[in-house]
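Have a look at the structure below before the remarks.
The values are calculated or read from the model by the stated rules, or taken from the named source; none is laboratory data. These figures come from a predicted structure and were not determined experimentally. Cβ: placed from backbone, ideal geometry, glycine included. Neighbour counts: every protein chain shown. In case anyone asks, the SASA skips ligands and DNA or RNA and just uses the protein heavy atoms, side chains included. Shrake-Rupley method; radii C 1.70, N 1.55, O 1.52, S 1.80 Å.
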Amino acid sequence: MTDLISSFQNQFGHLPAYIAQAPGRVNLLGEHVDYNGGPVLPAAIDRAVYLAAAASSDGKIHLFARDIDQKVSFSMADVENKVDLEGRPLPGWARYPAGVAWSLQEAGLEVSGLEVLYTSEVPIGAGLSSSAAVEVGFGVLWQAKGGWEIDQLTLAKICQRAENAYVGVSCGLMDQFASACGVEGHALYFDTRSLDWHPAPLPDGTAIVIADSGIRRSLTNSAYNERRNSCEEAVTLLQRYMPGIQSLRDVKTIEFAAYSPYLPPVICKRAEHVVKEIARVDFAVSALNRNDPQAFGALMFASHASLRDLYEVSTPELDILVDLARNLPGCYGARLTGAGFGGCTVNLVQNDQVTSFIEGLKAGYRQTAGRKAQVYLCKASQGATAERA
Ligand code: GLA
């Protein structure tokens, strides 16, 4: 924190008035279901974006992204045009904060001029929601400055709108929700249709371990949109047989079994993943309620197989990490987490085996994939906060 404050001081010549943090997230189960009205089980993690800020004297917004050593300034009058003070297009990284400013303004909330320096511990493109953490971090910052009162879930929705309509990524609400609403030591059950949610304790004696495959894919956005379109197409086709359905959330596995033969093969695979993944989350919640890590872990492995074979968003490296984990002592379950196409796996591991598990996974990955994996124990953390410095 002192480091953040002195960086701010070096950059802007005075002390910050506000400090904020917003965590990344890991999703334990319920992948690619948040844009189908399904329930998800993410947790906020102990890797966050940190922001220091002060009111600007000219009413403009001045950003300094410390990790890439770049700055940009824009005014709220021009935010809709996505240009800086000189009329040049805003760089990609600045569109997340600018999008939040735009979305807050659209929601009728005051967005005041700020100088902001920020830095992130959430690896970019690793499936741990680095962009949602930036959005939510700026959201709580403007909230602290503006003094307006909205609940964290509403703030998450405003940030999602920034990403959908301003940045241009059609993500669901899970990532912004987890970053905004995280509860220490807990996963979060979040029904993306009703928007009901509650903290869900992990099984006793278990820990969450994240393994970063080191693979980053650039095509994530287009492949993600393609998957989303397939789901919408599946709903349109299934409405012939089930006119009442609005989304794949409305299709039970038994109904899907009856009507899936009428779907084209690729659409069928995508929809099968979604319908069964939603059912898995329901089973997982019962497993949590009866404190059964074996059952929860089995559902994680099944989720991975489905993401690999039906949704086709895994990579060979993620598959290697999951297969290695399966054979290590103390591992209940493992799967890719986030959108896929690279990034991380999440593992549910017996507490007293965590150290040897991490070592075993790293060594196995080096041997099998010829690559280095970052593997770390993750603490489920509280959501975003902002306060006066
Ligand atoms: C990304 C999106 C989320 C969600 C996941 C897949 O993280 O931002 O909304 O769709 O992919 O579960």
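Brief remarks follow.
- Computed with every protein chain present, the accessible area of residue 7 is close to 20 Å² [probe 1.4 Å].
- Backbone HN-Hα couplings from phi across the stretch 133-140 [Karplus 6.51/-1.76/1.60, Hz, Gly and Pro as x]: 5, 5, 4, 5, x, 5, x, 5
- Extension gain, residue 253 back to residue 232 (0.36 nm per residue minus Cα-Cα distance, nm): 5.8 nm
- Out-of-range pairs (alpha-carbon distance over 30 Å; input 157/276; 71/372; 71/379; 82/269; 276/379; 82/145): 71/372; 71/379; 82/269
- GNM result for the chain, Cα springs below 10 Å: residue of 184, 359, 115 fluctuating most strongly: 359
- Accessible area of the chain divided out per residue, in Å², using a probe of 1.4 angstrom: 40
- For the stretch 208-378, the Kirkwood hydrodynamic radius from C-alpha pairs, put into Stokes-Einstein at 20 °C and a viscosity of 1.002 mPa s, yields a diffusion coefficient of 126 µm² per second.
- Tail fraction, Cα-Cα pairs, the chain, threshold 32 Å, whole percent: 35
- As a rough guide to protection, the peptides 90-99, 279-288 ranked by mean Cβ packing within 10 Å, highest first, stand as 90-99, 279-288.
- For q = 0.12, 0.13, 0.18, 0.19 Å⁻¹, Debye-computed log10 I/I(0) when each Cα of the stretch 240-340 counts as one equal scatterer: -0.46, -0.53, -0.91, -0.98
- Per-residue [θ]222 nm for the chain (sum of -39500 (n - 2.57) over DSSP H runs n ≥ 4, rounded to 500): -12500 deg cm²/dmol
- Each Cα pair under 8 Å and six or more residues apart adds its separation to the average, and for the stretch 208-378 the resulting relative contact order is 32 percent.
- Our coupling estimate for the stretch 250-255, obtained by passing each phi through the Karplus curve with A = 6.51, B = -1.76, C = 1.60 and θ = phi - 60°, is 7, 9, 7, 4, 5, 6 Hz, Gly and Pro reported as x.
- With all protein chains modelled, accessible area of residue 236 [1.4 Å, Å²]: 90
- Normalised alpha carbon radius of gyration of the stretch 63-203 [divisor 2.2 N^0.38 Å]: 1.06
- In Hz, Karplus ³J(HN,Hα) per residue of the stretch 262-276 (6.51, -1.76, 1.60; θ = phi - 60°; x = Gly, Pro): 8, 9, x, x, 5, 4, 4, 4, 4, 5, 4, 4, 5, 4, 6
- Rounded accessible area of residue 60 (nearest 10 Å², 1.4 Å probe): 60
- A DSSP coil position with no more than 14 other Cβ atoms inside 10 Å describes the following chymotrypsin sites (Phe, Trp or Tyr not before Pro) in the stretch 140-231: 148.
- Surface composition of the stretch 258-312: carbon plus sulfur atoms hold 57% of the accessible area, using a 1.4 angstrom probe and ignoring ligands, DNA and RNA.
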